[in-house]
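What follows is a short report on a single structure.
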Amino acid sequence: MSTLPRRIDLVAPLSGILVPLERVPDPVFAQRTVGDGVSIDPTSCDVLAPAAGLVTLLHRAAHALAITTEEGLEILVHIGVDTIGLNGKGFTPRVRQGDRVVAGQPLISFDADLIARSAPSLLTQVLVTNRERLRGMTVGTGLVEAGRSIVLSAELAAAAPVESAPASEATAVSTDIRLPNRQGLHARPAAVFAAAAKKFRADIRLLRGAETANAKSVTAILLLATSPNDALRVSATGPDAAAAVSALAELLSSGSGESQAAGEDSPAVGPLPAAAAAAIAPAGPTDPRRLAGVCASPGLALGKVAQVRRAVISVEEQGAGVERERAHLDAALARGRQQISVQKAVNSGAASRILDAHLELLADPELIDLAVAGLAGGRSAGYAWREAYSSYAERLEALASPLLRERAGDVRDVGGRVLGLLAGVTTAPLEFAPGSILIADELTPSETASLDAGRVVGLCTTGGGPTSHAAILARALGIPAVCGVDRAALELADGTPVLLDGTGGTLLEDPDETQVAAARVVIGRLAAQRHSEREAASEPAVTTDGHRIEIAANVGTAEEAVAAVEQGGEAVGLLRSELLFLDRDTAPDEREQADAYRAVAAALGRERRLVIRTLDVGGDKPLPYLPLPPEQNPFLGLRGIRVSLERPDLLRSQLRAILKAAALSDIHVMFPMIATLDELRAARRILDEEQRASGESVRVGVMIEVPSAALTAEHLAREVDFFSIGTNDLTQYTLAMDRGHPKLAGLADALHPAVLRLISLTVEAAHRHGKWVGVCGGIAAEPLAVPVLLGIGIDELSVPVPAIAAVKALVRRLSARDCQDLAREVAGLSTAGEVRARLAQFGRG
């Protein structure tokens, strides 16, 4: 008897770069709800069969296709993200449903340019949808060639026996449900529905007339080819049939997770006010002053031209031998990763995700191999590296896909960073006069991330595009930006007055008085609001009924502490001490640390509290000189206080440095990532010993970042002076969702009822013991969240420096009593969406 192979290799359906699923900008794919596999950023436009088998699904929109192999493996190829809305435009199927295909056979052709202009992403997913057939999977990395490279190897599990429900078990059937999804049950809602169905033991079917589909199979649901307003029923047979039908019918009628998400990622950009429209109107149909481009970030800005000019880095061609040059290259790559890690530590959101991508590039084996190969001819590390990354970028720039062409900018950005390190050239952040509108051929992502939004009011580039990382960062910074503008912009003299219309995608040279006046009306509205907030920044944050809350700052340096005081900060609720440790080859000594802490303390003065978090590394913040063992789950391994307890010498040195600064300010020590009382006691024993030796003392607190700490807050509160809640990590660990995954804001939500409940438990326990509680995580500065945090009883909000004045102004508009009523009401809600909807309603009221 012949046996079927236990391993199946899937070949690349497209040429391009392999991307981990978690980086796909769609949570259903990123969280592997549809299936497990890999994504491809494509450089070709003909989808080839990844394996031989039967075409069991060809979606009517031709953007997705499924193949079932002889071994029963279901493979789904989904072209792009949100491409179903094209309704087949730009896609040409080469096979029909029911055809048998061989590996490498053309399946679908697509128009990459059309799809890139119309959809959020061209990333194409190759997924195994029946994961129960898998025992294991190995996913490839780097560049792949269609029809030749292996993208993943699937190890098959033994087939489980099929169990039919006993005939005596009851069947439940729902009434007809009219499908609300505008595109029917395509991959995203089908995956959500199938995942929910799998939670029940019953055999569950979706019915449409006489047609039936296994509700636990994404492919089977897709094969129904549903349309909006179709009448569907849910049928279940088994021990929990009634519960399954009830829950799934409700899910189906609500859009299977899609209706609430509709429009989430659409930019909140409406038509410009009349005054703005007048401001950007050209003087005539062929006004030579008006240069056209494309919107990269909406908004209006009046300012003066500042041309971005960079020094050319030169390197010697000949090197000092392969071994020395390889060591030089490795050191520069490590240094580059350290620099990016430092930038990442002080950024969040889009900037953090882009810096993650840059870290990936610096670890890309093909790019590094290309550079190492260049050393063989006696070339220097700098010369070989420049040739490697330039060649890599040129290959991307030559591709048809606009999205991939824009990724070349990231390669040049990262490459230039390392080249500067190899050449010994220090690249300082770009600095410009206030009111500058930058004009450049292209701005790199790292340059954009380092811009001072208080000085730079607009960006204009002749290259790049709206999906480039620089454009994404401009939107995150709230800076109007135009890309793809006429190259005549590069000839404008520094200091030339211009009006940048990010929304319309134009740059107007020397705007006339009418245009300037109209633009100023629009720009002035928001500026007036911000000005009034800054004017009152020194006033306390007291609610309308007399309840005061402290507004503190999250900082990393003494300079930020100075800015915090200037902008009304009443304390530093979080000093990220790890920034002293990250951008270097060795740990800072005790004296250097003490000097840094003294500088922050001096900036605050004796009357303001300074909370210093001890070294918080591990997970997403590695230290090159503190090698930690490889871990399958770094975020569940040596992180935070566990690293310090593993290396008590580092902890003691840091605590001694903190105690030396204690005479200058009201210094508090805060231990990060405390999960158990034992960890707290171990850290306190070391602190107590150092306090006795120094004669100084500080107050002690812990960060509440994991559910176990919140749930045992009653015990912790007896042994500390305060709590500070890190909502970013608390959310991550409570919901079991990596907060670094892209596009998970709607899922990894700190306003989820479970997270709010843990915050409430923490506050209740602390207050019973007379201890105060702060929040230093992301939601402390989120206007929607501030009222419910006040209502729960939070005593302090520690926020980024630019947010201090706005948060204080918001508190002064609130009633503590109303906030308490709101918190009690929100406590009864069941989803983050419901919470946000109620908070939005409260804000409008």
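The values are calculated or read from the model by the stated rules, or taken from the named source; none is laboratory data. For clarity, every value in this text was computed on a predicted model and none was experimentally measured. Cβ sites come from the backbone with ideal geometry, for glycine too, and all protein chains shown count toward neighbours. Protein only, heavy atoms only, side chains kept; ligands, DNA and RNA dropped before computing areas. Shrake-Rupley method; radii C 1.70, N 1.55, O 1.52, S 1.80 Å.
Once a ≥ b ≥ c are taken as the square roots of the eigenvalues of the Cα gyration tensor of the stretch 169-239, is the result rounded (a/c under 1.5), prolate (a/b larger than b/c) or oblate (a/b not larger than b/c)? Oblate, because a/c is 1.5 or more while a/b does not exceed b/c. The label point for Arg7 and the one for Lys199, both projected 7 Å from the Cα toward the Cβ, are 3.7 nm apart. Each label point was placed 7 Å from the Cα along the Cα-to-Cβ direction; for Ala827 and Leu784 their separation is 2.2 nm. Each residue, Glu689 and Thr676, gets one label point 7 Å from its Cα in the Cβ direction; the gap between the two is 2.0 nm.
Protein heavy-atom accessible surface, 1.4 Å probe, per residue over the stretch 86-148: 52 Å². Can you list the residues of the stretch 379-394 with backbone N under 20 Å from a point 7 Å past the Cα of Val322, pointing along Cα to Cβ? In the stretch 379-394, the label zone of Val322 (backbone N under 20 Å from the point 7 Å along Cα→Cβ) covers 379-389.
In sequence order, the stretch 374-387 has phi-based couplings of x, 6, 4, x, x, 6, 6, 4, x, 5, 5, 5, 4, 5 Hz under the Karplus curve 6.51 cos²θ - 1.76 cosθ + 1.60, θ = phi - 60°, and Gly or Pro positions carry x.
When the chain is fully extended, how far beyond the present Cα-Cα distance does Arg757 get from Ser118, taking 0.36 nm per residue of separation? Intermediate results must be reported in sequence, preceding the final value.
On the way: separation 639, 0.36 × 639 = 230.04 nm, distance 4.08 nm.
Using 0.36 nm per residue and subtracting the Cα-Cα distance, I get 226.0 nm.
Could you please put Arg642, Arg692 in sequence from largest to smallest accessible area, using a 1.4 Å probe? Write down the numbers at each step before the final one.
Numbers: Arg642 80, Arg692 175 Å².
Of Arg642, Arg692, the descending order of accessible area is Arg692, Arg642.
Working ranking of peptides 551-559, 175-183, 658-666 by packing, defined as the average number of other Cβ atoms within 10 Å per residue, highest first, is 551-559, 658-666, 175-183. At full extension, Ala536 and Ala663 could sit 42.6 nm farther apart than now, given 0.36 nm per residue minus the alpha carbon distance. Around the amide H of Ser577, modelled in the peptide plane, lie the amide H atoms of Arg613, all under 5 Å away and 5 or more residues distant in sequence or on another chain. Solvent-accessible area of Ile686, all protein chains in place: 20 Å² (probe radius 1.4 Å, heavy atoms, ligands and nucleic acids excluded). Given +1 at the Cβ of Lys and Arg, -1 at the Cβ of Asp and Glu and no other charges, the dipole of the stretch 710-822 around its Cα centre is 240 debye to the nearest 20.
Label 7 Å along Cα→Cβ of Val173; the stretch 241-258 residues with amide nitrogen under 12 Å? Hits in the stretch 241-258 for Val173 at 12 Å: none.
So, by mean Cβ neighbours within 10 angstrom, what's the order for 125-133, 314-322, 506-514 with the highest one leading? Walk me through the numbers on the way to the answer.
Values: 125-133: 20.7, 314-322: 13.8, 506-514: 17.0.
Highest mean packing first, the order is 125-133, 506-514, 314-322.
The shape of the stretch 711-845 comes out rounded: with a ≥ b ≥ c from the C-alpha gyration tensor, a/c is under 1.5.
Suppose R0 equals 35 Å. What FRET efficiency, 1/(1 + (r/R0)^6) with r the Cβ-Cβ distance, do Ala331 and Arg718 give to the nearest 0.05? Taking R0 as 35 Å, the efficiency between Ala331 and Arg718 is 0.10.
Over the stretch 10-109, with every protein chain in place, what whole percent of the accessible area is carbon and sulfur at 1.4 Å, could you tell me? All intermediate terms of the calculation are to be shown ahead of the outcome.
Numbers: 1520 of 3150 Å².
Answer for the stretch 10-109 is 48 percent, counting heavy atoms of protein chains only.
Straight-line cross-link partners of Lys771 among the aspartates and glutamates, defined as a Cα under 18 Å from its Cα and at least 8 positions apart when in the same chain: Glu550, Asp666, Glu705, Glu714, Glu719, Asp721, Asp795, Glu796. Is the shape of the stretch 7-67 best called rounded, prolate or oblate, per the rule: a/c under 1.5 gives rounded, else a/b larger than b/c gives prolate, else oblate, with a ≥ b ≥ c the square roots of the Cα gyration tensor eigenvalues? Taking the square roots of the gyration eigenvalues as a ≥ b ≥ c, the stretch 7-67 is rounded.
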